[in-house]
Amino acid sequence: MTEKVVQVKVKKERPVLFSILIGILLTLLVSVASAISVIMEFEEVGVIIAQGIAFLVMGIAMTLYMKKRASSFAAFGFKKLNFKSQKATLFYIPLLIIALVQPIMGGFNVELTVSKIVLLIVFSVFVGYTEEVVFRGIIRERLLSKGPLFYIVFSSILFGILHMANALSGTDVVEVLLQVVNAFLIGLILALLIETSNNIWPLIAFHFLFDALAQLTNPEIADRSLEVVSILNIFYMAYGIFLIAVLVKRRKLNNNTR
């Protein structure tokens, strides 16, 4: 009598490749929506709606993925907020300051209609939720075994690269370089923040607020884009240094576990 040997195939995860692909997928969906808008000759509102649908579809898909992947959304940073802690509340004040930079410098666009404002707010909700779930939720969870330092560096670079399209549309070399640095730094502080707080809700709120206020700002601020980006980069670097100091103090960057 011969004994049958049953071989079990263990599915080997490739978290880095998965992270890159999921980031590219989001970028492609939005790019396709933008391309369709151009082909169909949509006006600005139509373009926003098309891109919003792309973010919504990706957001729903990622929510279903999280539900299937883990027994609780807490694995992706969806945890109860502690409003009773004054220290925790003050911790997020820099985010509010950063979000207010553009409207303070440029003022609000008073020509926007109520319906357009509502559309921009809804669009910003979709963008904020989807991008944070992808970059600070799912990718972070998949790179758990790599440790926080790897995640912070990798996700910052990936986020920056996938957001370089706007930066490369400029004509001034200095402005383009500052925009590229800006894209990397915003990804860096958000990655540092999720590692510091372990809660994705404040990041979603900030991302939404930042995008919404930026789109509600007077478009004439584009003439001061170099100044705006420079100021934002200074804020990003200062806040980033603070967050790194917090993590180093906790010795978290030297550990492979969260």
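Since every read-out is calculated from the coordinates, none of them should be taken as a lab result. Bear in mind the structure is a predicted one, so any value in this text is a computation, not a measurement. Quick reminder, even Gly has a Cβ in these numbers, built from the backbone with ideal geometry, and neighbours come from all protein chains shown.
The label-point distance for Leu81 and Arg251, in a model that sets each label 7 Å from Cα toward Cβ, rounds to 3.3 nm. When shorter helices are ignored and each DSSP H run of at least 4 residues is given -39500 (n - 2.57), the per-residue value for the chain at 222 nm works out to -23000 deg cm²/dmol.
Cβ crowding within 10 Å ranks Thr113, Thr217, Thr63, Thr130 as Thr113, Thr63, Thr217, Thr130, fewest other Cβ atoms first. Note on the chain: dipole from Cβ charges, positive end direction compared against Ala54, Leu96, Ala245; the farthest Cα belongs to Ala245. Of the options Ser115, Ala212, Ile22, report the single residue whose Cα projects farthest towards the positive end of the charge dipole of the chain (beta-carbon charges: Lys, Arg +1; Asp, Glu -1). Farthest along the dipole direction, towards plus: Ile22.
A simple spin-label model places the labels of Arg69 and Ile53 2.6 nm from each other, with each point 7 Å out along Cα-to-Cβ. Restricting the calculation to Cα atoms, every distinct pair contributes to the Kirkwood radius of the chain, found to be 19.8 Å. Of the GluC sites (Glu not before Pro) found in the range 75-150, those in coil by DSSP whose Cβ has at most 13 other Cβ atoms within 10 Å are Glu111.
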